[in-house]
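Student: Below you'll find the structure I mean.
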Amino acid sequence: MANPTYDITILGSGPVGCALALSLADAAPDPARIALAGPAPTPRPSGQAIDPRALALNHGSRRFLETLGAWPTRAADILSVHVSQAGHLGRTLIDHRELNVPRLGCVVAYDDLLDTLYAAVRRSGVTILPERPQRPLAGSPVHLRLADGPCSTRLALLSDGARPQGLRREYGQHAVLATVRAAAPDPGLAFERFTRTGPLALLPHPAGADLYSLVWCVPPERAQALQDLSNTAFDAALQAAFGQRLGRLQRIGETHAFPLSLHAGPSVLGQGLVAVGNAAQTLHPVAGQGLNLGLRDAAQLAQVLRPWLAQPDTPVQSLLEHHARQRRADRALTLGITDMLPRVFATANPLLRHACGLGLAALDLLPALRKPLAHHLLQGQRL
């Protein structure tokens, strides 16, 4: 049988797929034996309005992307995070100085991050297949069907964002995304405010010191109503939900909304098939952990495959199973945190809501409780 066309093919050219391609290329004797399959980023016209899709990357993710030479030039630092519950006493503050890091994380524009990563992939020597092939079946090798004809690969790494099969939960919420201008900005301070309808986050925006990226989780009908509001009415609704901490808030640019659900499945899908990022798990956006978890998937999978890349004729399935075991604890803890928080804080039970407020107060007063949670949100579990 002829040798496979590629040693590794990554299906999905989003941020996780690009980061995985760069990590593998760094260790591969011949980066051209690694293929990245997926469409190139869409060119953006100059003067385009500010895109509300902004991503919170924690300290560990920034360090990882910097080692790949793929950190975007624009980023807004997150130095502290203020966590509160609407209508109840108790709040907690997580600060970078307590964890001895220069920042907790950064906010970057989605387009900036993807453009930077894709440009780095182009320079890396990785083969680019600018199309989205169908998901392959497991096999040895794995067979792919492309527009130019069939090809094969020893490993297919899925990062295409298709919903994983397994655990599923519908939250009955949509995330409303917008960019807002604050009359009294507080540089470096991000907010996570839990309301009866879901969490509301305001994050420093890389496009301006007085701008914030809004992620507002509400029931579907409320999300549609918010999108339909005039700027004046939207601003009033946001002000009522968030408060006066940043002064007057004004929406600028477009507003988007998308449904929220949890999907999680196995990392290893069969012989020669591995899922990472959103292909392995999609999370509620509370605490901004989805992309950070996906980047940890990519970093650790590339590390596990480094010795195999030098001898791709050797068996690899045991390494893939080892990778799945390594990722189990980090995935379970991150899924647990992001699944529990929006459901517990949105409860209608008054006693439980008061208990949540007391919990925030306890986190603020007791570093022994706060630091483990803060450390996980800072970088997750890394090897």
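The values are calculated or read from the model by the stated rules, or taken from the named source; none is laboratory data. Keep in mind the model is a prediction, meaning the values are calculated, not measured. For neighbour counting, all protein chains shown are included, and Cβ atoms are generated from backbone atoms with ideal geometry for every residue, glycine included.
Student: Select from the stretch 177-197 the residues that are of a type outside the set (A, V, I, L, M, F, W, C) and under 18 Å from Ala236 (Cα atoms) and write down the one among them that is surrounded by the most Cβ atoms within 10 Å (Cβ to Cβ).
Tutor: Result: Thr179.
Student: So Ala287 fits all but one of (1) at negative phi; (2) among the hydrophobic types (A, V, I, L, M, F, W, C); (3) at pLDDT below 95; what number is the exception?
Tutor: (1)
Student: Which pairs do you get when a residue that is under 22 Å from Ala287 (Cβ atoms), found in the stretch 179-191, comes within reach of a residue that is assigned to a strand (DSSP E or B) and of a type in the set (Phe, Trp, Tyr), reach meaning Cβ atoms under 6 angstrom, with the pair 6+ apart or on two chains?
Tutor: Short answer, once both residue conditions are applied: Val180/Tyr212; Ala182/Tyr212.
Student: So Gly247 fits all but one of (1) part of a strand (DSSP E or B); (2) surrounded by fewer than 18 Cβ atoms within 10 Å (Cβ to Cβ); what number is the exception?
Tutor: Here Gly247 clears every test but (1).
Student: Same structure again: Are any residues in the stretch 123-138 of a type in the set (A, V, I, L, M, F, W, C) and part of a loop (DSSP other than H, G, I, E, B), and if so, which ones?
Tutor: Scanning the stretch 123-138 gives Val126, Leu137, Ala138.
Student: Based on this model, can you work out whether Gly198 counts as over 20 Å from the mean Cα position of the chain (by Cα) and of a type in the set (Gly, Ala, Ser)?
Tutor: Considered against the rule, which asks whether it is over 20 Å from the mean Cα position of the chain (by Cα) and of a type in the set (Gly, Ala, Ser), Gly198 comes out as no.
Student: Report, ordered by the first and then the second residue, all pairs with beta carbons closer than 9 Å, sequence separation of six or more or different chains, a first member in the stretch 312-330 that is in contact (Cβ under 8 Å) with a residue 60 or more places away in the chain, and a second member that is surrounded by 18 or more Cβ atoms within 10 Å (Cβ to Cβ) and of a type in the set (Asp, Glu).
Tutor: Pro312/Asp7; Arg327/Asp297
Student: Exactly one condition in (1) at pLDDT below 65; (2) surrounded by 11 or more Cβ atoms within 10 Å (Cβ to Cβ); (3) over 18 Å from the mean Cα position of the chain (by Cα) is false for Ala348; which is it?
Tutor: (2)
Student: Starting from the stretch 250-261, keep only residues that are touching a residue at least 60 places away in the same chain (Cβ under 8 Å) and over 19 Å from Thr232 (Cβ atoms), then list their pairs with residues that are surrounded by 15 or more Cβ atoms within 10 Å (Cβ to Cβ) and of a type in the set (Phe, Trp, Tyr) whose Cβ atoms are within a distance under 6 Å, requiring at least 6 positions of separation or different chains.
Tutor: The qualifying pairs are Leu260/Tyr171.
Student: Does the stretch 84-105 contain any residue that is under 30 Å from Leu11 (Cβ atoms) and crowded, with 23+ Cβ neighbours inside 10 Å?
Tutor: Checked the stretch 84-105: at least one residue is under 30 Å from Leu11 (Cβ atoms) and crowded, with 23+ Cβ neighbours inside 10 Å.
Student: Could you go through the stretch 12-24 and let me know if any residue there is on the phi > 0 side of the Ramachandran plot, surrounded by 24 or more Cβ atoms within 10 Å (Cβ to Cβ) and not in a strand (DSSP E or B).
Tutor: Scanning the stretch 12-24, I find at least one residue that is on the phi > 0 side of the Ramachandran plot, surrounded by 24 or more Cβ atoms within 10 Å (Cβ to Cβ) and not in a strand (DSSP E or B), so the answer is yes.
Student: Filter the stretch 148-163 for residues that are surrounded by fewer than 20 Cβ atoms within 10 Å (Cβ to Cβ) and within 26 Å of His256 (Cβ to Cβ); which is modelled with the lowest pLDDT?
Tutor: Per the criteria, the residue is Gly161.
Student: Next up: Given the criteria assigned to a strand (DSSP E or B), exposed (fewer than 15 other Cβ atoms within 10 Å of the Cβ) and more than 20 Å from the chain's Cα centre (by Cα), does Arg145 qualify?
Tutor: Spelling it out, Arg145 is indeed assigned to a strand (DSSP E or B), exposed (fewer than 15 other Cβ atoms within 10 Å of the Cβ) and more than 20 Å from the chain's Cα centre (by Cα).
Student: While we're on this one: Which ones in the stretch 163-185 are in a loop (DSSP other than H, G, I, E, B), in contact with a strand residue (DSSP E or B) (Cβ under 9 Å, 6 or more places away or on another chain) and on the phi < 0 side of the Ramachandran plot?
Tutor: Arg163, Pro164, Gln165, Ala183, Pro185
Student: For the structure I just gave you, tell me whether Ser152 is in contact with a Phe, Trp or Tyr (Cβ under 8 Å, 6 or more places away or on another chain) and farther than 25 Å from Gln281 by Cα.
Tutor: Taking the combined requirement at face value, the residue satisfies it.
Student: Checking Thr338 against (1) over 26 Å from Gly277 (Cβ atoms); (2) modelled with pLDDT of 65 or more; (3) surrounded by 13 or more Cβ atoms within 10 Å (Cβ to Cβ): exactly one of these is not met. Which one?
Tutor: Status for Thr338: all satisfied but (1).
Student: Just to check your reading of the model, which residue among Arg181, Arg145, Arg123, Arg103 is at pLDDT below 90 and farther than 24 Å from Gly336 by Cα?
Tutor: Arg145
Student: Next question. Out of the strands (runs of 3 or more DSSP E) lying entirely within the stretch 34-119, which hold 3 or more residues that are touching a residue at least 60 places away in the same chain (Cβ under 8 Å) and under 20 Å from the mean Cα position of the chain (by Cα)?
Tutor: In the stretch 34-119, 54-58, 76-78, 80-85, 105-109 are the strands (runs of 3 or more DSSP E) which contain 3 or more residues that are touching a residue at least 60 places away in the same chain (Cβ under 8 Å) and under 20 Å from the mean Cα position of the chain (by Cα).
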